[in-house]
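Novice: Quick one: this structure, given as structure tokens, is what I'll be asking you about.
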Amino acid sequence: MIVCSCCRVTDTDIRDAIAWMRASDPYTLITPGKIYRALGKSADCGGCIKLFVEKMRADDNLAVPVELRGLRRREKRARLEEV
């Protein structure tokens, strides 16, 4: 399915880019911009962004690694305990 008609990005391209990024760095923050760059493209009109993000979220590799989950809450809790 074509997600971005301006750059001809498909849902398969998105999944493959996410898998490649996770394999090369499991802790990387994956964004639409990084996916476009990984594919050697750049966003044009932005009309696809809602569908683009929807396809990204449907990918299991997009999930935050277990080791990084909850870090923000722990950091906030530590700051509150200091006060």
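Novice: Filter the stretch 36-53 down to residues that are over 10 Å from Cys4 (Cβ atoms) and surrounded by 12 or more Cβ atoms within 10 Å (Cβ to Cβ), then give me how many there are.
Specialist: 3
Novice: What is the residue count in the stretch 1-43 for residues that are of a type outside the set (A, V, I, L, M), in contact (Cβ under 8 Å) with a residue 24 or more places away in the chain, part of a helix (DSSP H, G or I) and closer than 17 Å to Glu54 by Cβ?
Specialist: Final tally of qualifying residues: 5.
Novice: Would you confirm whether or not the stretch 62-76 contains a residue that is surrounded by 15 or more Cβ atoms within 10 Å (Cβ to Cβ) and either in contact (Cβ under 8 Å) with a residue 40 or more places away in the chain or not basic (Lys, Arg) (or both)?
Specialist: For the stretch 62-76, residues surrounded by 15 or more Cβ atoms within 10 Å (Cβ to Cβ) and either in contact (Cβ under 8 Å) with a residue 40 or more places away in the chain or not basic (Lys, Arg) (or both): present.
Novice: Give the residues of the stretch 1-35 that are out of contact with any Cys (no Cβ under 8 Å at 6 or more places or on another chain), over 29 Å from Leu68 (Cα atoms) and exposed (fewer than 12 other Cβ atoms within 10 Å of the Cβ), sorted by residue number.
Specialist: Met1, Arg8
Only the coordinates and a few stated rules stand behind these numbers; no lab work does. Remember, it's a predicted structure, so these values are computed and weren't measured experimentally. Virtual Cβ from ideal backbone geometry, glycine too; neighbours counted across all protein chains shown.
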